[in-house]
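**Q** One structure, pasted below without further comment.
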Amino acid sequence: MYIDIVPNRTSPPAILLRESAREGGRVVKRTIANLSSLTIEQAEAIRLVLKGHKVGPVEHALELHRSRAHGHVELVARMMTRLGFPRLLATKPCRERDLVCAMIAERIVAPRSKLATSTGWLDTTAAELFGVEDASLDELYGALDWLLERQPAIEKKLVRRHLDSGSLVLFDLSSSYYEGRTCPLARRGYSRDGKKGTRQINFGLLTDRDGRPLAVSVFPGNTSDVHTLMPQIERITGDFGLDEITVVGDRGMLTSKHIEALASRQGIHWVGALKSGSIQTLISSDALQLELFDERNLFEFEDDTFPGQRLIACRNPRLAERRARKRQSLLDATCEALQRVEASVESGRLRTAAEIGLAVGKVVNARKVAKHFVLDIAEGHFAFRVDDDAVAAEAALDGIYVVRTDLPAETLSAEDAVRTYKRLTKVERDFRSMKTEDLRVRPIFHRTEERVRAHFALCMLAAYVQWHLKDALKPLTFTDEEQADQPDPVEPARRSESADAKAATRETDDGLPITSFRTLLTHLGTRTRNLCSHPTLGATAPRFAIDSTPTPRQQRALDLVASYKL
């Protein structure tokens, strides 16, 4: 007897129990029973029994001892292998190298403190894949110390891999708040995270033109932007051995003082921008003629105040509209608050000039619009009005910025100079990635300066691996795969038609879901590695691992990494 499954065109298949016999010279089939009410799985089980196999409950075949998240760690490990990452850390295999690789993989899939890593990373296969399942917390800290010693050599390798003479180099500074009081790097300074009252640690990120992280420098929290650029130039020309580069920095980084210093260094070029005060001076002196924006949104001009520099003025109407709306909303909110103060003075709740001045100061400083108000404060008296002239003077600058560079037009056109300056957004994107849920560089808990520096080095290397992962997985995420330079560099960047199609359908051409990178990584983490044994062999049965079958989306992600071109 045997099971015969007969397909039907418009109905479920017929499941028949049959037997066959030979009558004369031919084989005759006879149907014994119609089993179409059974499921295909039940029919297959009966088929195995008829073939002589022993069939029993699944738990009698295998005993599952443990399941661990595996898919996301496997993907990161494959990308690290693809990048030659272990040899980047150290040419010869060693325990410290394996520990650092495992910590980087964990930071990408589940960023947390080193203590939480040491106790929780056995829930994934990270420790197993890198052979450090028995690692202790002290070993992790020892690996951080080893990484800090090797950081200069590692960054040299990265620079040699991705930069050469004449390359475009992006550099910017950010900060992260510090939990504790022991690290000498933690100082009172400007918080770019908006965490007032906390000590800060500043860090500068050096990237290539595409925003690929290559090096990180750590500074005390009270270090200003202007004191971080020249040390980076020394590293680039001295430690990294690049004799000709173009540095791109923001208006707070590339100051006139720095530009004068860079002018004396042969082979070092720069692209930056003017501060608003300098732009206002150019407008007042009629060097920058705003009526030229009536014909175009970009033009180049010169001024004796900036000798040897090309100035490219740009005006973005959309940016001007946003700034005008925001300023008006701040003025309206401040006027409402000042009217409440005025009412308090009239009712006698505020009497002295000191009391009135304190209340008014809190209001106008809260939204930083004091320069737009004319205030009249006296004993028992308060009045105010909006300074229309001050508002108009600021509004004249809405949407206007001036890019400057020392590169000649033959080397860098005015349009390309603007595009080059806008590349700083790639560094800002790296900062967001490092500081938020992606890599979670903040808050910082390490107590010593060396450990804090090693922590930033670890996060930078994790950002390097993650940059390539995001690049490889573009077909499965909302990232624009065809993004290119816009014909008009002043206009906001626009997505390609393929990116709009992905956003609209939320599916790939072959029907796979489109998600964010982090959501895709979470989905990969649902692929497990299962530790099993044969229960019939008893307690001494050998245990073996079985990986769950990848879903089509998981398999596509693995294939994209396997075929990724560096």
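**Q** Quick check on the range 494-539: of everything there that is touching an Asp or Glu at 6+ places or on another chain (Cβ under 9 Å), of a type in the set (Gly, Ala, Ser) and not in a helix (DSSP H, G or I), which residue is farthest from Lys474 (Cα to Cα)?
**A** Ser533
**Q** Here is a further query. If I filter the range 32-43 down to residues being polar (S, T, N, Q) and under 30 Å from Thr536 (Cβ atoms), which single residue comes out as most open to solvent (accessible area, probe 1.4 Å)?
**A** Among those residues, the one meeting the criterion is Gln42.
**Q** Taking into account only those residues within the range 516-544 that are closer than 16 Å to His70 by Cα and touching a Leu at 6+ places or on another chain (Cβ under 6 Å), which is most open to solvent (accessible area, probe 1.4 Å)? Lay out the reasoning, then the answer.
**A** If we filter the range 516-544 for residues that are closer than 16 Å to His70 by Cα, which is where we start, we get 518-532, 544.
Narrowing the set further to residues that are touching a Leu at 6+ places or on another chain (Cβ under 6 Å) leaves 520, 524, 530, 532.
Details: Leu520: 1, Leu524: 3, Asn530: 25, Cys532: 9 Å².
Filtering first and then ranking leaves Asn530.
**Q** Quick check on my filter: what residues within the range 395-414 are assigned to a helix (DSSP H, G or I) and either of a type in the set (S, T, N, Q) or buried (at least 17 other Cβ atoms within 10 Å of the Cβ) (or both)?
**A** Ala414
**Q** Is the range 136-158 home to any residue that is of a type in the set (Val, Ile, Thr) and either assigned to a loop (DSSP other than H, G, I, E, B) or within 30 Å of Glu482 (Cβ to Cβ) (or both)?
**A** no
**Q** Output the residues belonging to the range 197-216 that are surrounded by 14 or more Cβ atoms within 10 Å (Cβ to Cβ) and on the phi > 0 side of the Ramachandran plot.
**A** Gly211
**Q** Same structure, new question: Please go through the range 336-352 and pick out each residue that is of a type in the set (A, V, I, L, M, F, W, C) and either in contact (Cβ under 8 Å) with a residue 60 or more places away in the chain or open to solvent by less than 30 Å² (accessible area, probe 1.4 Å) (or both). Write out each step before concluding.
**A** Kept after step one, since they are of a type in the set (A, V, I, L, M, F, W, C), are these residues of the range 336-352: 337-338, 341, 343, 345, 350.
Passing the criteria: Ala337, Leu338, Val341, Val345.
**Q** Could you tell me whether the range 450-462 includes any residue that is closer than 30 Å to Leu407 by Cβ, in contact (Cβ under 8 Å) with a residue 24 or more places away in the chain and either in a helix (DSSP H, G or I) or among the polar types (S, T, N, Q) (or both)? Walk me through how you get there before you give the answer.
**A** Pass one, the range 450-462, residues closer than 30 Å to Leu407 by Cβ: 460.
Still in the list and also in contact (Cβ under 8 Å) with a residue 24 or more places away in the chain: 460.
Next, only the ones that are either in a helix (DSSP H, G or I) or among the polar types (S, T, N, Q) (or both) stay: 460.
For the range 450-462, residues closer than 30 Å to Leu407 by Cβ, in contact (Cβ under 8 Å) with a residue 24 or more places away in the chain and either in a helix (DSSP H, G or I) or among the polar types (S, T, N, Q) (or both): present.
**Q** Continuing with the same structure: Within the range 468-487, which residues are touching a strand residue (DSSP E or B) at 6+ places or on another chain (Cβ under 8 Å), of a type outside the set (Lys, Arg), open to solvent by 50 Å² or more (accessible area, probe 1.4 Å) and touching a residue at least 40 places away in the same chain (Cβ under 8 Å)?
**A** Correct list: empty.
**Q** Has the range 298-320 got any residue that is open to solvent by less than 70 Å² (accessible area, probe 1.4 Å), assigned to a helix (DSSP H, G or I), of a type in the set (Phe, Trp, Tyr) and touching a Lys or Arg at 6+ places or on another chain (Cβ under 9 Å)?
**A** Looking through the range 298-320, none of the residues is open to solvent by less than 70 Å² (accessible area, probe 1.4 Å), assigned to a helix (DSSP H, G or I), of a type in the set (Phe, Trp, Tyr) and touching a Lys or Arg at 6+ places or on another chain (Cβ under 9 Å).
**Q** Of all residues in the range 217-249, which are surrounded by fewer than 18 Cβ atoms within 10 Å (Cβ to Cβ), at pLDDT 85 or above and assigned to a loop (DSSP other than H, G, I, E, B)?
**A** Hits for the range 217-249 are Asn222, Gly241, Asp243, Glu244.
Each row is one residue, and each column tells you yes or no for (1) in a loop (DSSP other than H, G, I, E, B); (2) open to solvent by less than 70 Å² (accessible area, probe 1.4 Å).
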| site | (1), (2) |
| --- | --- |
| Ser11 | yes, yes |
| Leu16 | no, yes |
| Arg30 | no, no |
| Ala45 | no, yes |
| Arg66 | no, no |
| Val76 | no, yes |
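**Q** Test Asp134 against the criterion of being surrounded by fewer than 20 Cβ atoms within 10 Å (Cβ to Cβ) and either farther than 22 Å from Ser548 by Cβ or at pLDDT below 85 (or both), and give yes or no.
**A** Yes, satisfied.
**Q** Could you tell me which of the residues Phe382, Phe431 is open to solvent by less than 30 Å² (accessible area, probe 1.4 Å), of a type outside the set (Ser, Thr, Tyr) and assigned to a helix (DSSP H, G or I)?
**A** Phe431
Conditions (1) over 17 Å from Tyr464 (Cβ atoms); (2) assigned to a helix (DSSP H, G or I); (3) open to solvent by 10 Å² or more (accessible area, probe 1.4 Å); (4) at pLDDT below 85, marked per residue:
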residue	(1), (2), (3), (4)
Thr91	yes, no, yes, no
Val169	no, no, no, no
Leu185	yes, no, no, no
Lys195	yes, no, yes, yes
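**Q** Here's another thing I want to ask about it. Kindly indicate whether any position in the range 499-514 is within 30 Å of Asn297 (Cα to Cα), open to solvent by less than 20 Å² (accessible area, probe 1.4 Å) and charged (D, E, K, R).
**A** Looking for residues that are within 30 Å of Asn297 (Cα to Cα), open to solvent by less than 20 Å² (accessible area, probe 1.4 Å) and charged (D, E, K, R), one finds none in the range 499-514, hence no.
**Q** Still on this structure: Consider Val403 carefully, then state whether it is in contact (Cβ under 8 Å) with a residue 40 or more places away in the chain and in contact with a Phe, Trp or Tyr (Cβ under 6 Å, 6 or more places away or on another chain).
**A** Numbers: in contact (Cβ under 8 Å) with a residue 40 or more places away in the chain: yes; in contact with a Phe, Trp or Tyr (Cβ under 6 Å, 6 or more places away or on another chain): yes.
For Val403, the condition - in contact (Cβ under 8 Å) with a residue 40 or more places away in the chain and in contact with a Phe, Trp or Tyr (Cβ under 6 Å, 6 or more places away or on another chain) - is met.
The values are calculated or read from the model by the stated rules, or taken from the named source; none is laboratory data. Given the structure is predicted, the values throughout are model-derived calculations rather than measurements. Heads up, the Cβs are rebuilt from the backbone with ideal geometry, glycines too, and the neighbour counts pull from every protein chain shown. What goes into the accessible areas is simple: the full protein's heavy atoms, side chains included, and nothing from ligands, DNA or RNA. Shrake-Rupley method; radii C 1.70, N 1.55, O 1.52, S 1.80 Å.
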